[in-house]
Structure formats: structure tokens, C-alpha cells
1. At 0.36 nm per residue, and after removing the present C-alpha to C-alpha distance, how many nm does the segment from residue 191 to residue 338 gain when stretched out fully?
2. Which residues does a label at residue 366 reach in the range 83-107, if reach means a backbone N under 11 Å from a point 7 Å past the Cα toward the Cβ?
3. Only four residue types carry charge here, +1 at the Cβ of Lys and Arg and -1 at the Cβ of Asp and Glu. Report the dipole size of the chain about the Cα centre in Debye, rounded to the nearest 20.
4. Applying 1/(1 + (r/R0)^6) with R0 = 41 Å to the Cβ-Cβ distance of residue 168 and residue 50, what FRET efficiency is obtained, to the nearest 0.05?
5. Using a Förster distance of 30 angstrom, determine the FRET efficiency expected from the C-beta separation of residue 70 and residue 226, and round it to 0.05.
6. Quickly work out the residue 255-to-residue 143 label distance, labels modelled 7 Å from Cα along the C-beta direction, and quote it in nm with one decimal.
7. Go through the range 81-91 residue by residue and turn each phi into a ³J(HN,Hα) via Karplus (6.51, -1.76, 1.60, θ = phi - 60°); whole Hz please, and just put x for glycine and proline.
8. Can you give me the C-alpha center-to-center distance between the range 221-263 and the range 313-330, rounded to a whole angstrom?
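Coordinate-derived values only; no laboratory data. Model, not experiment: these values are computed from the prediction. Don't worry about glycine lacking a Cβ; one is built from the backbone with ideal geometry, like all the others, and counts go over all protein chains shown.
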Amino acid sequence: MKAVVSGAGIAGLSAALALSRAGWQVILLEKAPGLRDGGYMLDFYGPGYEAAQDLGVLEGLRAAARPVGRLDFVDGDGRPGSSMDYQQIRRATGDKLFPILRGDIERTLHAALPDQVSLRYVTTITGLENRADGVRLTLRDGAVLDADLLVGAEGIHSSTRQKVFGDEHAFIRPLGFHTSAYFFGSAQVAAELAGDFKMVAIKERLVGLYEVEPNQIMVFFVLRAEGVERPRDPRPVLSRAFGDLGWVVPAALAAMPGPDEIYYDVVAQIVMPRWHDKRVVLIGDAAHAVSLVAGQGASLAIAGGRALGQALDGTGDIEGALARYEAQLRPLVLDKQRAGRRMADWFVPKSRAHVWMRDLTVNVMNWPPLAGLIGRYFSVSSKGFSLR
Ligand SMILES: Cc1cc2nc3c(=O)[nH]c(=O)nc-3n(C[C@H](O)[C@H](O)[C@H](O)COP(=O)(O)OP(=O)(O)OC[C@H]3O[C@@H](n4cnc5c(N)ncnc54)[C@H](O)[C@@H]3O)c2cc1C
């Protein structure tokens, strides 16, 4: 059996790995000219943890994890608000959580792909015929590919979803924020961070900073913004939104790279009644983005790849297998999406009262007699809190 996977992000690479292990011939198409670097820091935990173990990549991922000392919330001038030991968060998950760069996850999955997986960069699908017995795809260079299955893994703005299920507007649920991330070099900012993950989380805005390599900083921004339109050049948007902040933020803004090296997107969820149609199936953010507010999008992308591979292992009933894949993953996704919507106002505080409550909660959790009590209502990750 032959599958074409469109998009070599975390979901696409995981699906390619899982399908090839299930005996499928896999062709992976990626529009970028090569593996993407860096991206941003994320917490890896949740359903993808065991899926990664099952796919044989967990050790590689753990080896690529980045050390984080403390998670500190500071105000717009860098004054401490609250702080927690990252190891405390890690222990709370039974040591099944680690911080890692998105690019390092992709690199690890890519390294695990068997030689039989053919990966074609700078390649996109321009024409798609979806039949009950297979797909016929036309590629950008005019080549035609026939396959038993097309897996759409192109992320939140998936072109396969657009072609098969309809316009993005029908499925995208913006959470009222935009986000951006890039890397820059600064010894001065590295000294300020001192090995910790620092979050300037003030009313309506958030800036996260972490030193990924000596004197190489990853910064990510979240700002309140309605709509799904993305600017061609994010630099003026970021300067306007964060230009009044102090501490290391002016240095981060002054070091902005060119627009092509800045990640910028809407913070949104993708909500669809169905993820498959005849011989086309969606996975990862393309099917069910949960958003950075919920966390676990990367984790669900790996879990989805593994679930798809398992469902399609040793069966000729493709549509039945796709239904099983969807039934297995959907409850997890719905749960995370609900949690994400509830968390939006906590993630980027809506008011000074939210900032105060967050600092109080974090500081109280550091006090052992109350930590257990609070832990019954909140779970904590480096991206914020989850209300249980
Ligand atoms: C700032 C931030 C913080 C986050 N924090 C966390 C966290 O703590 N924990 C967590 O688990 N998740 C987190 N996430 C979410 C996580 O990064 C995503 O859910 C995950 O990366 C989705 O992977 P994906 O492969 O589905 O999509 P993507 O990463 O979007 O990959 C899509 C791939 O498809 C390619 N592509 C696009 N269009 C085409 C096309 N037409 N043809 C061919 N290829 C195409 C792209 O180039 C890309 O390689 C965070 C996200 C952000 C933005």
C-alpha cells in the first residue's frame, strides 16, 4: 500500500515513520527547502510521550531536551512576580515532561525515518482527485502521483483540508491572540536569563525568553489580536505591541531578524466534525490544532501519527481504519481544546487581577503544605496553568 504524506512537520514525520513501520510505502512532500530549524521551545508531555516511546524516538527526544532551571514570571521591567522550580513541574508529571525545541523534535523524527521513505522538499500538491479506491495527485512540477491514501499534515493552514473539506474559515476558531517567535544572539540577555525560562506576562501581553545555546536566545511573543490575517512583515507589529516594555525586551526587539526568519501566526484551534473523507485523512494541527495555550499540540501530532500507523497496520479496510484512528484520538483532542479555551485568559492575563492571582497561585504552590491542595485544581506547565 502506498501513502503520500503532505507536510514534514511533527505530525507528517510521525505519520511517515508509523506508516512505514506498518509496511506502507511512503512519499513525504514538504513545501520548505529543507528541515526547519528551531521554531520555538515547547513542553513535551502528554499522549505523545508514550507514542514517541512506541515509535522508538523517545530516547532521541530526551537527549535533545534543553535544561531549564526555574520558570520565572516578571513584570514589564523585569521585576520578579512569581517563580517555580521547573523540576517540581517535571516531577508532578512523573518525569514524563521535558522542554525541547520544535526543530529538535522534527530532526529526531527525521533521523528515525527508514531509507525507503522518500522525502521531497519544495514540493506541494496542486491537484487532488479523491476517490473511494485511491487518490490521484498533481504536484507543483506537473508530476502525477497515484496512491492508496493521502495524509494532510500541513499544519493549521492546511491546503489539503482546504481542497477536500472546504475553506479554513469554517474550521478555525481564533482565541484572540497572535504569536511570534525568533532567535537572536545576546550575551547581555543571556546573563539576565541565567539559565531560567523568564516570562514577561502582563495584562494582554506575554514575552517568553530562554537561552537555547550559549548566548543564543529564543524569544516568543503573544499579543491580543482579533482576526486571522497575518502581516507580511511582523516587525512593525511587534515593535508597536511591545515597544513600551523595559528590561531585556528592547534588546530582543532591536535584534529582530528579517521577516522570513520570524515565525508569526494566529493562536487558534481547528475544530472539524470529521478528519477523513474517502482516501484523504488529516492529522496534527491540520485536523485539530489545540493552540499553544492548551500545549500538547506537538504531543498530539506524534500520538496521531502513531494512531494512524496502528489503525492501518495489516488491514485492507482503509476507511474503517481511518474511522478507528479518529475515534481513538478525538476524545483526547476535545479535552485539550476545551482546556485551552478555558485557559486563554490565564495564559495571557486579561487584567491586573489575573496577574495578581497567577503570582499568588504560583507562590502558594511553592509552599509544600498547600501545594497538594492547589494541585487538585490546577496543573502547571511552563506555558501556564491548566484548570482541572
Ligand atoms: C509558540 C508556540 C508554543 C507551543 N508550545 C507547545 C507546547 O508547549 N507543547 C506542545 O505539545 N505543543 C506546543 N505548540 C504546538 C505545536 O508546536 C504544534 O501543535 C505542532 O508543531 C503541530 O505540528 P504539525 O506537524 O501538525 O504542523 P506544523 O508544525 O505546522 O507543520 C506543518 C508542515 O507542513 C509544511 N507545509 C505547509 N503547507 C504545505 C503544503 N501546501 N505542502 C507541503 N508542505 C506544507 C510546513 O512547512 C511544515 O513543515 C506550540 C506552538 C507555538 C506556536
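1. Full extension of this stretch gives 49.1 nm more.
2. Of the residues in the range 83-107, 83-86 have backbone N under 11 Å from the label point off residue 366.
3. Working: 44 positive and 43 negative charges, 182 e Å.
For this selection, approximately 880 debye.
4. The formula returns an efficiency of 0.85 here.
5. 0.35
6. Those two pseudo-labels are separated by 4.0 nm.
7. Taking θ as phi minus 60°, the curve returns x, 8, 7, 9, 6, 4, 5, 5, 5, 4, 4 Hz for the range 81-91.
8. 42
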